[in-house]
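Since the structure comes first, as structure tokens, the remarks are kept for the end.
The values are calculated or read from the model by the stated rules, or taken from the named source; none is laboratory data. The model shown is predicted, which means the values in this text are computed figures rather than measured ones. Here the Cβ is made from the backbone with ideal geometry for all residues, glycine too, and neighbour counts use every protein chain on show. Note: accessible area is taken over every heavy atom of the protein model, side chains too, but ligands, DNA and RNA are not part of it. Shrake-Rupley method; radii C 1.70, N 1.55, O 1.52, S 1.80 Å.
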Amino acid sequence: MPVLKQQNFFRYLVFALLLLFAQSSLAMKEEVHIGVLAIWGEKVTREMWQPTINYLNIIIPAHTFILKPLNLNETIEAVKNNQINFIITNPGNYIFLEARFGVSRLATLKVKKQNKISSQFSAIIFTRHDRDDIQTLEDLKNKTFMGVKKKAFGGFQMAWMELKKHNIDPFSDFSLLEFSGFPQDKIVYAVLDGKIDAGTVRTTTLERMAAEGLV
């Protein structure tokens, strides 16, 4: 997901998606509900995406665009019950929604970071800098660990795959495995405060929190 400074790009991205259907399935709709996976919580999601929604309401006055921040479970319910017209989410959640409900992808988000364009993201496994006893993934055995949720793509599944490559089963080799739910900031604070030995979040989480002065 993007950082706050990328709002202009998202205006054109979402606008392009909506124009694709403006003359067909949405032609008779007054309200257009856009779901966004709120990986950093509802507050940050609204700060990031409400300017886009406001922009769409200005340039396409025939429709009322409504932002709906969603957690993972809510994305499933929203799609299942036809509560949203579009969804902006991560690849893992998209694959699940495609397999279960037949949603169709329209575009891939590209993000500019350090003057480079990328359509990919990853996850980070981290601990406090003063934890001299944790220097490798193997050192995580018998330690406490936190992720977002078992079904979270960047918030657990990416790390799960990497741990398996190192013969670590997070469900049996940790002394404690906890899931925080959104926002992912909870994991950062838990590790920072020493409540959890290590955790995983998607990339840009630590950078965003540092830029905002949260850590």
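Before moving on, here are some points about what is shown:
- Here the accessible area of region 59-215 is 50 percent carbon and sulfur, with a 1.4 angstrom probe and all protein chains present.
- Pairs from 68/164; 116/141; 43/112 whose Cα-Cα separation, in the structure shown, is over 31 Å: 68/164; 116/141
- A Gaussian network model of the chain, with springs between Cα atoms under 10 Å, assigns the largest mean-square fluctuation among 72, 109, 137 to 137.
- Heavy-atom accessible area order for 200, 108, largest first, 1.4 Å probe: 108, 200
- Extension gain, residue 80 to residue 215: 0.36 nm times the residue separation minus the Cα-Cα distance gives 44.8 nm.
- Structural descriptor for region 148-215: relative contact order 31 percent, calculated from alpha carbon pairs under 8 angstrom and at least 6 residues apart.
- Residues in region 93-158 average 67 Å² of solvent-accessible surface per residue, probe 1.4 Å, ligands and nucleic acids excluded.
- Gain on full stretching of the segment that runs from residue 119 to residue 165 - 0.36 nm per residue minus C-alpha separation: 14.1 nm
- Of the trypsin sites (Lys or Arg not before Pro) in region 155-191, those whose Cβ has at most 15 other Cβ within 10 Å and which sit in DSSP loop: none
- Put the Cα centre of region 72-93 next to the Cα centre of region 134-166 and the gap is 25 Å.
- Taking 0.36 nm per residue of separation and subtracting the current Cα-Cα distance, fully stretching the chain between residue 66 and residue 193 would add 42.0 nm.
- Only one of (i) 60, 45, 26; (ii) 57, 44, 36; (iii) 60, 37, 27 was calculated from the structure for Cα extents along the principal axes in Å, and its label is (iii).
- Rel. contact order, % - alpha carbon contacts under 8 angstrom, at least six apart, the chain: 20 percent
- Average Cα contact separation per residue, region 102-183, under 8 Å, 6 or more apart, as relative contact order %: 28 percent
- Adding -39500 (n - 2.57) for every DSSP H run of four residues or longer, then dividing by how many residues the chain holds, sets the calculated 222 nm ellipticity at -10500 deg cm²/dmol.
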